[in-house]
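Asks: I am attaching a structure below and will ask some questions about it afterwards.
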Amino acid sequence: MITHGQPFPGPFAVLEHGWREGQQHLAALSTNGKLIVADHSNHMIHTDQPEVIVEAIRTVIESSRSALV
């Protein structure tokens, strides 16, 4: 799971209260869950830091390949 590191802007800032804790809880629901924080992004992580998304996808692919061996 990937979450933002920069606060939501403007009126959406009210969503910040409890956001990180909720994201941590969701990631913990899986034994393989991991929370990745995109430090320089808010909601548009795929636009702000596409390399974070690409690396997360590579990690999932590699993990699934390792599980098959």
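Taken together, the values in this text are just the output of simple stated rules run on the coordinates, not laboratory data. Fair warning: this is a prediction, and the values are worked out from it, not measured in the lab. Backbone-built Cβ (ideal geometry, glycine too); neighbour counts: all protein chains shown.
Asks: Going through segment 49-69 one residue at a time, which ones are in contact (Cβ under 8 Å) with a residue 24 or more places away in the chain and either surrounded by 15 or more Cβ atoms within 10 Å (Cβ to Cβ) or at positive phi (or both)?
Replies: Passing the criteria: 52, 53, 56.
Asks: Quick one: in segment 19-33, which of the residues that are loosely packed, with under 13 Cβ neighbours inside 10 Å and either without any contact (Cβ under 8 Å) to a residue 24 or more places away in the chain or among the basic types (Lys, Arg) (or both) is farthest from residue 6 (Cα to Cα)?
Replies: Among them, the one singled out is 31.
Asks: If you don't mind, there's one more thing I want to ask. For segment 1-18, name all the residues that are surrounded by 12 or more Cβ atoms within 10 Å (Cβ to Cβ) and either closer than 23 Å to residue 54 by Cβ or of a type in the set (A, V, I, L, M) (or both).
Replies: Listed by number, the residues that qualify are 1, 2, 3, 4, 5, 6, 15.
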